[in-house]
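Each remark here refers to the structure printed beneath this line.
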């Protein structure tokens, strides 16, 4: 079918009549730019790659906590609390990161394959399903490719539910010729009966590269039994393989010998000579065979297998998931990936970091790392593991001091007051990055200096020290109004704007006010402001909600009582009790979340029983659902507590309030 004049007229008539254009016309109207793309995954909510790269919101990083001696101008590893899509977009602006990431590993939450049956219908713990999840992941993969070095690689852990869709998507993004392997790995085993199907015991790793030339280091492992999977001693076996090679003969123990018919000797002459010196070749005089010349030969050369074997695509010698954080990847898995596809000093990225195994493995192996997660629990678990490497790695007692790293916030920032305190240059840079304004120097409108361009319209960053009033808009309009084409943007701290409306219109010109921390997201992105919510139970830990926009941290209001008592129903010594009397999330949003009970805004309570006064080293956490069952109480064995205890109250919006208590603050109660 060709798009001739008659077909064009038919399409025009359909549009004029307000009727749908048949899907059969899709490839005529929107032909594939890449003619080599043979297969495409089509679904209704699929966005154009160009729109994803252009429209994805970028949010700047704000340093929240430094670990180690972080020196200005020197590289430091990065742990980022953010929705990864907004963080990935911002990293595209960083010349130290864009095109410099040697290896990406991700295990998206659904990749665990955890399945919950609701009335007999499979349902994921993740909030996104079907095409929504595929597009959620695809958008992030598009950004990841931009960050990847030309000789870089990406590994995606996936399960059987979406693996086939994700592979097609990765063929589209990275190119089907850059698909290297599908690697089989273990998952947590379940031996259930009565399923009327096989129990699933494996996941997949999809291994792609950005281009044809890429880093790859061949790895070996201890030899294992192909049947039982256990390590086994090397065995002797015949030294011939299928097929004919030239020249066919080899000199073995001083005798020229030809291989059996339709076979060839497995090793080159040079390698045979080496193996004879290693005592790894012998002659089995009990075997007689017909060689390729038709002669009967007594004595078959045999070789002794090496202690190790080259690693192939079967990685079931590694356990499925490690104990600890839910769906925690085993350190051995990440070490193997990192050693195969990177070198010391190179950069590794994991933007679904979970418990931080990628960073832990990268740290041990001397690689630099960046990790991103939108879960506060994941962030605190990761910090603990990085700072306590001696407790995590193969039972080694010797501590391993990590390289300096920084915890960043992106999209949810600490202390609105810092906007009013930072210097003018830093303030303008932060404001323009927040709204993705294109900076422009020597840019004036009728003599008034502007700061940049957004949607082809001028942008003015209002001083953080002044007050934005309607009178200022009137004066601005008198100066520049006749030179404007419909609209202009003014960025200002929310606390400095003295009116409520999102724009002020004067003689057909709209002056849009972009408030920091949040603003007219509908105008900028045609989407409402929202952020990922923190889980209130273990079952919600892998939920996926895409963040749009940004805000400042508003610590929740908490009133709690702290006391010590001996439990009546437990055979324990005294417990320290944290009883939450009141809890309320502080929301300054256009569309705040409503809670039937204010305490329902609590996500979890995190505890460091031995706070060192320097950083929070989490010892346990309690989800809302378990706290609620205990009548809003958190219990800690008294004997395990140190002199200082740090308690973090986290709300579902990611805001937290911390308290430091001494053991004396817990008064004895009968």
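Summary of computed values
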| item | result |
| --- | --- |
| Answer residue from segment 65-90, given it is over 14 Å from the mean Cα position of the chain (by Cα) and surrounded by 22 or more Cβ atoms within 10 Å (Cβ to Cβ) and is modelled with the highest pLDDT among those | 77 |
| Hits in segment 418-428 (condition: under 25 Å from residue 479 (Cβ atoms) and out of contact with any helix residue (DSSP H, G or I) (no Cβ under 8 Å at 6 or more places or on another chain)) | 424, 425, 428 |
| Subset tally (residues that are over 24 Å from residue 495 (Cβ atoms) and in contact with a strand residue (DSSP E or B) (Cβ under 6 Å, 6 or more places away or on another chain)) for segment 435-457 | 6 |
| Tally, over segment 204-226, of residues that are within 26 Å of residue 343 (Cα to Cα) and surrounded by 15 or more Cβ atoms within 10 Å (Cβ to Cβ) | 11 |
| Residue in segment 45-53 that is surrounded by fewer than 17 Cβ atoms within 10 Å (Cβ to Cβ), over 30 Å from residue 363 (Cα atoms) and modelled with pLDDT under 85 present | no |
| Only one of 420, 365, 377 that is touching a strand residue (DSSP E or B) at 6+ places or on another chain (Cβ under 7 Å) and either at pLDDT 85 or above or within 30 Å of residue 456 (Cβ to Cβ) (or both) | 377 |
| Scan of segment 496-508 for residues that are touching a helix residue (DSSP H, G or I) at 6+ places or on another chain (Cβ under 9 Å), within 29 Å of residue 551 (Cβ to Cβ) and surrounded by 15 or more Cβ atoms within 10 Å (Cβ to Cβ), ordered by number | 496, 502, 503, 504 |
| Every residue from segment 478-495 that is buried (at least 18 other Cβ atoms within 10 Å of the Cβ) and in a loop (DSSP other than H, G, I, E, B) | 484 |
| Among (1) part of a helix (DSSP H, G or I); (2) farther than 23 Å from residue 145 by Cβ; (3) touching a strand residue (DSSP E or B) at 6+ places or on another chain (Cβ under 7 Å); (4) assigned by TED's automatic domain parsing to the domain that holds residue 75, the one test that residue 355 misses | (1) |
| Which listed residue, of 93, 167, 98, 145, is modelled with pLDDT of 95 or more, assigned by TED's automatic domain parsing to the domain that holds residue 183, surrounded by fewer than 22 Cβ atoms within 10 Å (Cβ to Cβ) and in a loop (DSSP other than H, G, I, E, B) | 98 |
| Residue check, residue 463 out of contact with any helix residue (DSSP H, G or I) (no Cβ under 6 Å at 6 or more places or on another chain), touching a residue at least 24 places away in the same chain (Cβ under 8 Å) and not assigned by TED's automatic domain parsing to the domain that holds residue 147 | yes |
| Residue ID - farthest from the chain's Cα centre (by Cα), chosen from residues in segment 276-310 that are in a loop (DSSP other than H, G, I, E, B) and farther than 18 Å from residue 256 by Cβ | 279 |
| Enumeration of residues in segment 316-351 that are modelled with pLDDT of 95 or more and closer than 30 Å to residue 537 by Cβ | 333, 334, 349, 350, 351 |
| Looking only at segment 466-477, and only at residues there that are touching a helix residue (DSSP H, G or I) at 6+ places or on another chain (Cβ under 9 Å) and part of a loop (DSSP other than H, G, I, E, B), the one that is farthest from residue 498 (Cα to Cα) | 466 |
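The values are calculated or read from the model by the stated rules, or taken from the named source; none is laboratory data. This one's a predicted model, so the numbers in the text were calculated from it and none came from an experiment. Note: ideal-geometry Cβ built from the backbone for every residue, glycine included; neighbour counts use all protein chains shown.
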